[in-house]
1. Among the candidates ASN347, ASN360, which residue alone is on the phi < 0 side of the Ramachandran plot, among the polar types (S, T, N, Q), without any contact (Cβ under 8 Å) to a residue 60 or more places away in the chain and not in a strand (DSSP E or B)?
2. Considering only residues that are at pLDDT 95 or above and surrounded by fewer than 18 Cβ atoms within 10 Å (Cβ to Cβ), which ones fall in the range 28-46?
3. With the condition kept exactly as written, say whether any residue in the range 230-245 is under 30 Å from ILE198 (Cβ atoms), hydrophobic (A, V, I, L, M, F, W, C), modelled with pLDDT under 95 and not in a strand (DSSP E or B).
4. Quick one: is GLY64 among the small types (Gly, Ala, Ser) and in contact with a Gly (Cβ under 7 Å, 6 or more places away or on another chain)?
5. Filter the range 170-183 for residues that are without any contact (Cβ under 8 Å) to a residue 40 or more places away in the chain and either over 20 Å from ILE198 (Cβ atoms) or buried (at least 17 other Cβ atoms within 10 Å of the Cβ) (or both) and give the result.
6. Suppose we keep only residues that are of a type outside the set (Ser, Thr, Tyr) and more than 16 Å from the chain's Cα centre (by Cα) within the range 273-301. Which one would you say is nearest to THR166 (Cα to Cα)?
7. Could you tell me which numbered condition LEU342 fails, if it satisfies all but one of (1) out of contact with any Leu (no Cβ under 6 Å at 6 or more places or on another chain); (2) assigned to a strand (DSSP E or B)?
8. Just one of THR341, THR351, THR406, THR380 is closer than 15 Å to ARG288 by Cα, surrounded by 13 or more Cβ atoms within 10 Å (Cβ to Cβ) and among the β-branched types (Val, Ile, Thr); which is it?
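The values are calculated or read from the model by the stated rules, or taken from the named source; none is laboratory data. Just so it is clear, the model here is predicted, and its values are computed rather than measured. In this analysis, Cβ positions are derived from the backbone assuming ideal geometry, glycine residues included, and neighbour counts consider all displayed protein chains.
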Amino acid sequence: MSRKLPGVLSLATLLTSSFTWGVDIVATVRHTSEHTTNTARTANNDIEEWIHRPGIDLGITHEGANLELNADYNFERRFYEKDLFDDENVTTGAAVLLWHALPQRLDFVVRNTRTESTQRARDVQTQNNRQEVTNTEAGSTLRLQPRSGDELQFEYLFTDLRAEETNTDSQRHTGTARYILRMSAARGITFESSFTDIDFDDPFAPDIESWRHSVTYRQTGANLQLSLTGGYNRFDRDLDRDTVDGGMFNVDLGWQRGASRLSLSGGQQLRDNSSRLTGATGFGEFIREDTDLNEAFTETLGRLTWSQSFGRTNLGLSVFASKEDYEDVARDSERVGVSLTLSRQLNRRTTMEARFAATNRKFDDQMQAFDEYNGSLRLTRELGRALNVSLGVVYEERNGDGDAGTDFREWIYSIRIAYTVLGAR
């Protein structure tokens, strides 16, 4: 963390000096102390310990006529009381910098995402099975208007994907052409074709030339938002690997009426890394994906979510499923589950948030299946405009068939103190 933090602070200083009139910076220092009942997440001989996690949260936003910036990063040092795991630095977050060089005509963009995930999804989530995955993109988009209301776009994007521990780094060059046909103010159709050249650092991982062609229908209304995509995917691989191809689709449906909202999302496409690696996590959550190999697989996802507000209370219920079907390696997996979230403003200074999730995962190639249960509860009390204290508890349990070494139960009790030193609300 000592190497990463000065660079970010220097960036903040530069932005402040260059765009003092339009940059909002929020910096929060915090300290979290956790007591875990099973730090190694084993079935027997549980080891209890304290984990101390001082850190800094840094957010930077700028909205100008030609330049937009949104960055939010978390820097953390983890100190383990026992000698089972080494102390470690962890940095997660995301940033987007968008420059409208020629408004409505030419844009440049830089994106960065840092995510902490497991290396192998079927193994328990401990330090030995975690790593940070960094995704950095830079590119440009040229926009033309062949006729009133329509738009023709040509886009180039360079992507650099880095894994902290495993040899799964890659560089990607993507060229895309799309035509947006606007049928009305609320409806439109997008025709898109893209080509991606993927070069893996690992000489034993087959490089990929990927083609994707799709058609998307979009409709927006007062209560309904709909996006339907259908198309074709193709992976041409070297090292004498077979070509992989097939249909792809994506569905996004949102319906809202008053304080109720129902959303449905899902899709299927060829991938070489999980789409969940760019997602965010909440208190008590963690991303569990395979990040230790470069292989082609078909990813199928689906999620149905209902949310409702009752005054100061927000309730959410989700049902989800996913499947990863690998072409050449024994890593196929299936996941189905349900999650319930609840948040409430108890009073002007106190909030409560709770979550429970139950998931069943199957790894048929390894003859392994297990049920996972994850629950969390956190109370946050504001002691002033810039200071707050949180008390939390997390419970995790895994019961499996096959390898009994993946079964465990764990309670985590935590206290967190956070002070906003810059940009206090």
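1. Every option except ASN347 fails the conditions.
2. Those that are at pLDDT 95 or above and surrounded by fewer than 18 Cβ atoms within 10 Å (Cβ to Cβ): VAL29, HIS31, SER33, HIS35, THR37.
3. no
4. Yes, satisfied.
5. Hits for the range 170-183 are ARG172, THR174, THR176, ARG178, TYR179, ILE180, LEU181, ARG182, MET183.
6. Residue satisfying both the conditions and the ranking: ASP292.
7. Unmet condition: (1).
8. On the way: THR341 fails: closer than 15 Å to ARG288 by Cα; THR351 fails: closer than 15 Å to ARG288 by Cα; THR380 fails: closer than 15 Å to ARG288 by Cα.
Only one candidate qualifies: THR406.
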